[in-house]
Amino acid sequence: MTEDRPFETIIEPFRIKTVEPLHRTTRARREEAMREAGWNPFSLRGADVLIDLLTDSGTGALSARQWGMMMQGDETYAGADSYYRFEAAVKDITGLDHVIPTHQGRAAERILFRAMVNPGDLVLNNTHFDTTRANVEYREGVAMDLPCEEAAVEADHPFKGNIDLARLDRVLSDNPGRVPLVMITVTNNSGGGQPVSLANIRGAREICDRHGVPLFLDACRFAENAWFIHLREERERGRAPIDIAREMFSLVDGATMSAKKDGMANIGGFLALNDPQVVVTCRNMLILTEGFPTYGGLAGYDLEAVAVGLYEALEEDYLRYRIRSIAYLGDRLAAAGVPMITPPGGHALYLDAGSMLPHIPWNEYPGWALAVAIYLEGGIRGCEIGSVMFGQQPDGSEQAAPRELVRLAFPRRAYTQSHVDYVAEVLLRVFERRDSLRGMRMLESPPVLRHFTARLEPLPQPN
Ligand SMILES: *Cc1c(COP(=O)(O)O)cnc(C)c1O
């Protein structure tokens, strides 16, 4: 039958009911805005940005179903219906016994590590996200990354987010009693938004069982990870994303979640876990800093948005559109030879500014210079992940970051195909005149997390 024959064109699986104008600016205005912002994209006003790819966190569009349920948000302080709908959704998808709502992912991390990590402990992860690492270190623990080696050597490995199972086993053998938990981040955000295979999570489970160590997911992008498994993992190909997600969670003892990602909400998160003793400590911590266990720092309507959003994130048409639009941008750039991390990640494309701008040394910040150029060219805001973000050492000295990248992260359901085409056109224009880009000089930088508030200036064009 004709309607069963698949079409090649992948469309946005929604139509638009509420619109928000985009802000067009002139190049002169963008130059002025950058000067006012101290040449720091984080300091730009949103109104000066045309397409904002700074982050996919909390920036997505809500659905009519979410808004509908949000109008029914129950703002009862204790025992609100909204909490029970939220809890039911989290339990249905994760299968985990206890659910603690939090205002965002880092609050779940802080509460979990307060309960499980002691000074000197070692926490293992495929790659810690920066807030996860900071929360381990705040407990005076040591955060160790164990990314798989294939990620570095095989250009198109399908699961570059995998944890290195052999090293995991070895580190656990070498440190008996010192590792309170192992985490796997899906998708691996700091590693380029790369997915983790189900086989890899199963392998980690087996190793953790052998060593008697609990396994947790940093589940922020669990739905995107499930979609990559659906597309790429031999034995799982074509399986429904929700079934894959349920199996991912069935392999772990708990999970932390930022609902600003695959919760499809503007704010929210949770901690879910099985251990009845750990959960008691966590709930006490929650009451101290977040709120009562049935709202955890969220409004009833926030809980409703997440309860619906977790399912919407797993819809096949949505995932197909989302992953395809980023892959499409990657295809267009690859055809022109633009250097980037391949294959593209689930939520973002990572441009390789180090390779694109070999004439700019690391201490003139090629990633930062590229992010600035992309904004000036077309009003698009991305985020440097390079030597401005990671170069500053605790003793105040500077060191080159491992890579000089610009991350273009896509808000969920916010932009359409023509926006992506525009982004490609702007990036290709910048790429064409890459040899003329100049480096940057740091004028003012705070002692920690300097990328958020640093002030820089472009270096003068050589004569
Ligand atoms: C965003 C994120 C977090 C932290 O969540 P917030 O809601 O920003 O606090 C933790 N881990 C990963 C992988 C993330 O992407």
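Quick notes on this structure:
- Compared with the dominant Cα axis of the chain, that is its longest principal axis, helix 316-335 is turned about 30°.
- Considering helices alone, the calculated mean residue ellipticity of the chain at 222 nm is -12000 deg cm²/dmol, with DSSP H runs of length four and up weighted by -39500 (n - 2.57) and normalised per residue.
- Label zone of Arg441 (point 7 Å out along Cα→Cβ, amide N under 17 Å): in the stretch 1-40 this covers 35, 38-40.
- Those lysines that a straight Cα-Cα span of less than 23 Å connects to Lys260, excepting residues fewer than 8 apart in one chain: Lys17, Lys91
- Per residue, the accessible area of the chain comes to 44 Å² when a 1.4 Å probe rolls over the protein heavy atoms.
- DSSP assigns beta bridges within the stretch 64-312; of those with both partners inside it, close to 50 percent run antiparallel.
- Nearest-ten-degree value, helix 222-232 long axis tilted from longest Cα axis of the chain: 80
- Note that the chain carries a Kirkwood radius of 22.9 Å, evaluated over its alpha carbons pair by pair.
- Descending semi-axes in whole angstrom, ellipsoid equivalent of the stretch 64-312, from the Cα gyration tensor: 29, 22, 14
- With every protein chain in place, the stretch 1-134: carbon and sulfur % of accessible area (1.4 Å): 52
- Length released on extending from Thr289 to Glu8, taking residue separation times 0.36 nm less the Cα-Cα span: 96.1 nm
- Accessible-area composition of the stretch 185-295, carbon plus sulfur, in percent [1.4 Å probe]: 53
- Nearest-0.05 FRET efficiency for Tyr138 and Arg178, computed from C-beta distance (R0 22 Å): 0.75
- Projected label distance in nm at Asp156 and Glu75, using a 7 Å step from Cα toward the beta-carbon: 5.4
- If you plug the beta carbon distance of Arg35 and Asp97 into 1/(1 + (r/R0)^6) with R0 = 60 Å, you get a FRET efficiency near 0.65.
- Amide H within-cut-off set for Met440, under 5 Å, with H built and near neighbours excluded: Tyr365, Leu459
- Value of relative contact order over the chain, rounded to a whole percent, pairs C-alpha under 8 Å and six or more apart: 22
- Nearest-ten-degree value, helix 81-94 long axis tilted from longest Cα axis of the chain: 90
- Of all beta bridges that DSSP places with both ends in the chain, some 65 percent have antiparallel geometry.
- Zone residues, the stretch 148-173, relative to Arg202, backbone N less than 11 Å from point 7 Å out along Cα-to-Cβ: none
- When the chain is described by a simple charge dipole with +1 on each Lys and Arg Cβ and -1 on each Asp and Glu Cβ, the residue from Val213, Asn118, Gly378 located farthest towards its positive end is Gly378.
- Cα→Cβ-extended label distance, 7 Å offset, between Asp209 and Arg237, nm: 2.8
- R0 of 25 Å, Cβ-Cβ distance Lys17-Glu425: FRET efficiency to nearest 0.05: 0.35
- Cα centroid separation, the stretch 289-331 to the stretch 121-190: 25 Å.
The values are calculated or read from the model by the stated rules, or taken from the named source; none is laboratory data. All figures in this text were calculated on a predicted structure; none of them were measured in a lab. Don't worry about glycine lacking a Cβ; one is built from the backbone with ideal geometry, like all the others, and counts go over all protein chains shown. Accessible surface is based on the protein model in full, side chains and every heavy atom, while ligands, DNA and RNA are left aside. Shrake-Rupley method; radii C 1.70, N 1.55, O 1.52, S 1.80 Å.
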